[in-house]
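**Student:** Please read through the structure below; I'll follow up with questions.
Each value in this text was obtained by applying a stated rule to the coordinates, not by laboratory testing. Just so we're clear, the structure is a prediction, and the values are computed from it rather than from any experiment. Note that we place each Cβ from the backbone using ideal geometry, even for glycine, and neighbour counts take in every protein chain shown.
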Amino acid sequence: MTVLALKIRGIYTTALTSFFSEIGLAIASPSVETAERFRKRRGAVFQEPAHLEIRDLLGRQGVFIQGSRDACTQVAGLIKESFLDAIFRETGGTEPYGMEIEFPYMTKSAMDEQRNKIVPTVLNHHRLRIIASDYVDLMEKKELSSHPERRKAVGENLEKRLVWETYVPGKEIGLVHVKLDGQVLSLSEGEVIQADFNKRRLILKRSRFKGRSAYDGLDVPKQEGDYAITEVREGEWFYRHTYLRKNGEIIGYYYNINTPVEFYPEEIRYVDLDIDVVRWPDGKAEVKDEAILEKQCESGHLSGKLKELAIKTARDLLTLARSSHANNNHFAPSLHSDL
């Protein structure tokens, strides 16, 4: 019986081969390393010819799939069903048809676990491979080949060395704000105020704003000397900007809803989910752009589950904002993944 066969290349090869083999798809033209890893694995099927090819995106933040429209649609549907925060962008064409699939934080983490089923894999393997591919491979072979139970410890050591030890006070960090349609916006850089590896939290001071003359969502004019304190934590579905005047007066709060932030040596990166929450000093608070998120879901860029999670996050933040004002509390909730 002929089944859909995929040719896979790039840093996600082992993880994707594991995933697709588990659900009955075949692998075409495997590399020598992949063939050896899966040779004795039950359920792995090797078959020619390839109906679809999968390769890394430039920058390795996901994959590009190419083949017939039917094959691409089937594979994209399987990924959308199984990986919560994966983002999908059609690139057009008839035959072969193409699609970009971005793998944010949650999807990369799930890919780490898929790969670990086949070969010992450190936590955050795929993100760390983007930073220092050969070094991560070397450390895994050296440290995990005989001690796979050390994957968490080795991964944390690599993450600390490659990322967090570079966050010295005063260093400028970029904010890479990726839109659902693939547009990449570089927000103004932030100066490191505090970097806490144990809490995976970064606090930045930003004072060189780009773009509009008023603060997005708040519709308050910018003034010379304004600055923002931006607090970001790994694994959260939002992060917070607190905008202030030169004298420390609070202008307002802006909560950006996004895929969980990923930390890199020179930047932080996430996919913006369009919906946001703003709160003014007088207690007024609003959810912004929910309709835009709905349209993005209708366009196929994200799953219904991800859309609903983003909406729930925004509404929970709105409730918290209103509750804080009613109780005369300062609206600056800690970043909690269960919010």
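**Student:** At a Förster radius of 25 Å, what calculated FRET efficiency corresponds to the Cβ-Cβ distance of SER207 and SER323, to the nearest 0.05?
**Tutor:** With R0 = 25 Å, the Cβ-Cβ based efficiency is 0.20.
**Student:** Let me ask something else. In whole percent, what relative contact order does segment 5-106 give with Cα contacts below 8 Å and a gap of six or more residues?
**Tutor:** After rounding, I find 24 percent.
**Student:** Counting other beta carbons within 10 Å of each Cβ, put ILE193, ILE203 in order, fewest first.
**Tutor:** With the sparsest Cβ surroundings first, the list reads ILE193, ILE203.
**Student:** Which length gain, in nm to one decimal place, applies between GLU165 and GLN223 when the Cα-Cα distance is subtracted from 0.36 nm times their residue separation?
**Tutor:** Stretched out fully, the GLU165 to GLN223 stretch lengthens by 17.5 nm.
**Student:** Also, I was wondering about something else. Select from TRP280, ASN247, ILE229 the residue farthest towards the positive end of the dipole of segment 227-310; place +1 on Cβ of Lys and Arg, -1 on Cβ of Asp and Glu, and compute about the Cα centre.
**Tutor:** The residue sitting most towards the positive pole is ASN247.
**Student:** What are the ³J(HN,Hα) couplings of segment 230-238, residue after residue, when phi is run through the Karplus curve with 6.51, -1.76, 1.60 and θ = phi - 60°? Round to Hz, x for glycine and proline.
**Tutor:** Residue by residue, segment 230-238 yields 10, 10, 10, 9, 4, x, 8, 8, 7 Hz.
**Student:** Let's see if you can work this out: charge +1 on each Lys and Arg Cβ, -1 on each Asp and Glu Cβ, no other charges. What is the dipole magnitude of segment 168-326 about its Cα centre, in debye to the nearest 20?
**Tutor:** 320
**Student:** Follow-up. How high is the relative contact order of the chain? Use alpha-carbon pairs under 8 Å, at least six apart in sequence, and give a whole percent.
**Tutor:** Reported as a whole number, the value is 11 percent.
**Student:** Using the count of nearby Cβ atoms within 10 Å as a rough guide to exposure, how do THR13, THR319, THR166 rank from fewest to most?
**Tutor:** In order of increasing Cβ crowding within 10 Å: THR319, THR166, THR13.
**Student:** Could you give the longest part of the chain that holds none of the GluC sites (Glu not before Pro) found in DSSP loops with at most 11 neighbouring Cβ atoms within 10 Å?
**Tutor:** Result, exposed sites excluded: 1-223.
**Student:** With θ set to phi - 60° and the Karplus curve 6.51 cos²θ - 1.76 cosθ + 1.60, what are the ³J(HN,Hα) couplings of segment 138-154 in order, to the nearest whole Hz, using x for Gly and Pro?
**Tutor:** 4, 5, 5, 5, 6, 9, 9, 4, 9, 9, x, 5, 8, 4, 5, 5, 5
**Student:** Something else about it: Which percent of the Cα-Cα distances in the chain go past 27 Å?
**Tutor:** So the portion of pairs separated by more than 27 Å is 50 percent.
**Student:** Same structure again: Kindly work out what percent of the DSSP beta bridges joining two residues of the chain are antiparallel, to the nearest 5.
**Tutor:** Antiparallel bridges make up about 85 percent of those DSSP assigns within the chain.
**Student:** When the helix-only estimate is applied to the chain (DSSP H runs of n ≥ 4, each -39,500 (n - 2.57), divided by the residue count), what is the mean residue ellipticity at 222 nm, nearest 500 deg cm²/dmol?
**Tutor:** -10000 deg cm²/dmol
**Student:** While we're here: Could you give each residue of segment 8-19 its phi-based ³J(HN,Hα) in whole Hz, using Karplus coefficients 6.51, -1.76, 1.60 with θ = phi - 60°, and x for Gly or Pro?
**Tutor:** Calculated HN-Hα couplings, in order: 10, 9, x, 6, 9, 4, 5, 4, 5, 4, 4, 4 Hz.
**Student:** Also, I was wondering about something else. If I take the Cα coordinates of segment 168-326 and project them onto the principal axes, what are the three extents in Å, biggest first?
**Tutor:** 42, 38, 31
**Student:** On average, how much area does the Cα convex hull of segment 1-126 cover when viewed from any direction, in nm²?
**Tutor:** With every direction weighted equally, the projected area is 7.3 nm².
**Student:** Another question, if that's okay. To two decimal places, what compactness ratio does segment 120-162 give when its Cα radius of gyration is scaled by 2.2 N^0.38 Å?
**Tutor:** 0.97
**Student:** Compute the relative contact order of segment 120-162 as a whole-number percentage, counting only Cα pairs closer than 8 Å that sit 6 or more residues apart in sequence.
**Tutor:** 54
**Student:** Sticking with this structure for a sec: Just want the answer: with Cβ charges of +1 for Lys and Arg and -1 for Asp and Glu, which residue in PHE209, SER133, GLY77 is farthest toward the dipole's positive end in the chain?
**Tutor:** The Cα lying farthest towards the positive end belongs to SER133.
**Student:** So what are segment 153-244's ellipsoid semi-axes, whole angstrom, largest first, if each one is the square root of 5 times an eigenvalue of the alpha-carbon gyration tensor?
**Tutor:** 27, 16, 12
**Student:** Where in segment 22-75 are there trypsin sites (Lys or Arg not before Pro) that are in a DSSP coil and have at most 16 other Cβ atoms within 10 angstrom of their Cβ?
**Tutor:** Answer by residue number: ARG39, LYS40, ARG41, ARG42.
**Student:** So, counting K/R as plus one and D/E as minus one, what does the shell of residues with Cβ under 12 Å around ARG89 add up to?
**Tutor:** It works out to a net charge of -3.
**Student:** List the residues, sorted by chain then number, that are 5 or more residues from LYS288 or on another chain and whose placed amide H is less than 5 Å from its amide H.
**Tutor:** ASP276, VAL277, VAL278
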